[in-house]
């Protein structure tokens, strides 16, 4: 699966080593992720899948390897590749809508229940106004 | 913040090279190998204030640390890096039943050196 998307590139710029690192998982919600140009971070819970769920683990690491490949592509090439799946450069960072910002400003940042409730409220409000779920920005 | 692609001098410094003893190397693409990383190498990556960290909102940083106050970038990266743990001997078997079997498949499909 991975190769079908990658094999066409004959001269990928890749780091000499790709490191598979182990973590507790507490730092990113027990999800796997990549950082830097060659770091893949696997939480303990996902590594333990490997004993009984090789196919899923292979799929996971293939996914993370693609992030390593794409991080090492020239920006223009990377944008072109992601355009295939309709991922386009946003051009600026996302920000939260004003109402959510107010709530977060009250120190609600760590309270997921409140934030989720507010997101649902915003979603219902947007639906009522027949608008799509907001991809917001302040710029 | 947008990721940077390609390898310039600064980016090469961001590539960690260390791995624990007893690990095997899986050839992935030409000169590139996949290995199990050690704790120090993993920490070093996560301690960097890279585009990912700098692109996080205050809310995201607070939520990931489950704090009601906004952590500094330093506090955030320190917490992240502190979660890197060593591969245990039993984990090294991962190479046998996971990494190693992937090798021929990936190498053939992506291009062994």
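Observations, loosely collected:
- Nitroxide proxy distance, nm - points 7 Å out along Cα→Cβ at residue A:90 and residue A:13: 2.5 nm
- Burial ordering of B:34, B:85, fewest other beta-carbon atoms within 10 Å first: B:85, B:34
- Likely footprinting exposure, B:50, B:58, fewest C-beta neighbours within 10 Å first: B:58, B:50
- Across the stretch B:39-85, the relative contact order, built from alpha-carbon pairs under 8 Å that are at least six residues apart, equals 54 percent.
- The stretch B:39-85: C-alpha gyration tensor shape, a/c 1.5 cut-off, then a/b vs b/c: oblate
- Mean separation of Cα contacts under 8 Å (6+ apart) over length of the stretch A:16-95, as relative contact order %: 21 percent
- For A:41, A:90, B:59, order by how many other beta-carbon atoms lie within 10 Å, fewest first: A:90, B:59, A:41
- Other protein chain C-beta atoms within 10 Å of residue C-beta, averaged over B:37-45: 5.
No lab work stands behind these numbers, since they all come straight from the coordinates. Just so it is clear, the model here is predicted, and its values are computed rather than measured. No Cβ is skipped: glycine too gets one built from the backbone with ideal geometry, and neighbour counts run over all protein chains shown.
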